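Nothing in this text is a laboratory measurement; each read-out follows from the coordinates by a stated rule. These figures come from a predicted structure and were not determined experimentally. With ideal geometry, Cβ positions are generated from the backbone for all residues, glycine too; neighbour counts draw on all protein chains shown.
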Amino acid sequence: MNLPDRAALRARFPALASGTVFLENAGGSQVPACVADAVHRYLRETYVQLGAGYPLSRHCTQVVADAHAFARTFVNAARGGQAMIGPSSTVMLNMLAGCYGQVLAPGSEIILAETGHEANLGPWKRLERLGATIRWWPLDPELQLCPLDALDALLSDRTALVALPHVSNLLGGIVDLPEVVRMAHGAGARVVADGVAYAPHRAIDVDAWGVDWYVYSTYKVYGPHMAVLYGRDDALAELPSPNHFFVPRDDLPYLFEPGGPSHEGCAGLLALGEYLQFLAGADGGGPCDRAAVERAFAVMEQLEAPLVARLLEYLHGKPGVRVIGPQEAGPARVGTVSFVHERLTAREIAAILDRTAIAVRHGHMYAWHLVKALGLDLEDGVLRVSFVHYNTLDEIERLIEVLETIL
Ligand SMILES: Cc1ncc(COP(=O)(O)O)c(C=O)c1O
């Protein structure tokens, strides 16, 4: 595979020239100039409301429609379904849970993976007040994942939903989502997958996976601060409208976008296609197609892999360090590497790195139940280093140099 020149790739991200080493990408990624410029241009030149008849309004209506088409291509909703755009994954999942709360039969059970981010736990836990029963799918601390046989034991004809992260934002291992979907569907349950920590690293393919609901945050995938929620047609059809009473049922995806998406954000999201085409080695003339999305993410995976391997190799060689999550690098692991140290707190390590302009984060990072299950201090949590394809081995070496002075 032809990999793009890393310097040329990095030059497309203005923020990367700042001197900060961005290793907090699981919190939020940087954006290429084409995305920032599109938002800027939209606000300066075409900032009018959608749906009116004058040319500028018609143009904006088209931009937002094109952004939805891009989102569908991005998640590969080739055989139907909707890609809804909203302010954040948390908001989208709350909306979804609000809809389910109105239709779940008494005695319905919801299975929640203990590895989840609170955004895909809290909204479901709150349905207990409406009579749903929560069943926890526990972490196996040895395996550092929620095992499939434990899910199998929980599934029954009472299971309405299984909510899980495709990748935990602390652990970094990719869950076998197609198998979870197969098992859940076998029990007649729907699957709500949180793809936030997966989407910056690999191509989403909702069609191949058969998943009912899949959400990711665009601001962690080189775009503006929004989120995309994919819903399968049959899953959408089961739910009441979360929108105004007069919005027609077939007005999709708007029916599930109460308040509508950020229009300038849609302009930015759409412009990401240009960057993906660059990564894919495509000419960038027309709209970004599915082949370009897949090639772009294959390139990202190749660029990221040596960094994961190098950091894990270093951490494994340090006495007193415990890597949280899968221990081995490989295709089923993304560039999110968490660890704890027997003597230093995660807060202390983060504070030292902060002073050297190496951006990392520590804490439970909203994976509260996971940190509790790991038996770690909830305040201190883990030290998380999260990188993506635009980071370099040199940056990892810089991190290691500082860690070497303190670990
Ligand atoms: C795995 C995971 N899920 C969900 C969220 C929530 O996303 P948002 O900020 O778009 O609500 C985050 C945010 O950090 C996350 O890491």
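Work out the FRET efficiency for LEU43 and ARG322 from their Cβ-Cβ distance, taking R0 = 41 Å, and round it to the nearest 0.05. Can you show the working numbers first?
Working: r = 46 Å, r/R0 = 1.13.
Step by step, r from the Cβ atoms, then E = 0.30.
When only DSSP loop residues count, what GluC sites (Glu not before Pro) in the range 227-288 have their Cβ near at most 14 other Cβ atoms within 10 Å?
On the way: sites: GLU238, GLU264, GLU274; in loops: GLU238.
Loop-located and lightly packed - GLU238.
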**Complete:** Protection proxy (average C-beta count within 10 Å per residue), highest first, orders 198-207, 367-376 as 198-207, 367-376
**Message:** For LYS318, give me every one of the aspartates and glutamates with a C-alpha distance below 18 angstrom, ignoring sequence neighbours fewer than eight places off in its own chain.
**Reply:** GLU328, GLU342, GLU348, GLU397, GLU401, GLU404
**Request:** Could you work out how far the C-alpha centroid of the range 99-117 sits from that of the range 289-337, in angstrom?
**Result:** 32
**Prompt:** Among all the lysines, which ones have a C-alpha under 30 Å from LYS125's C-alpha, if same-chain residues fewer than 8 places away are not counted?
**Reply:** LYS220, LYS372
**Fill in**
Which of MET183, MET226, MET92 fluctuates most in a GNM of the chain (C-alpha springs under 10 Å)? That residue is MET183
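Taking the mean number of other Cβ atoms within 10 Å as a proxy for protection, how do you rank 301-314, 39-52 from highest to lowest? Walk me through the numbers on the way to the answer.
Values: 301-314: 18.2, 39-52: 14.0.
Put in order of decreasing packing, that is 301-314, 39-52.
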**DSSP-defined beta bridges in the chain - what % are antiparallel, rounded to 5** = 55
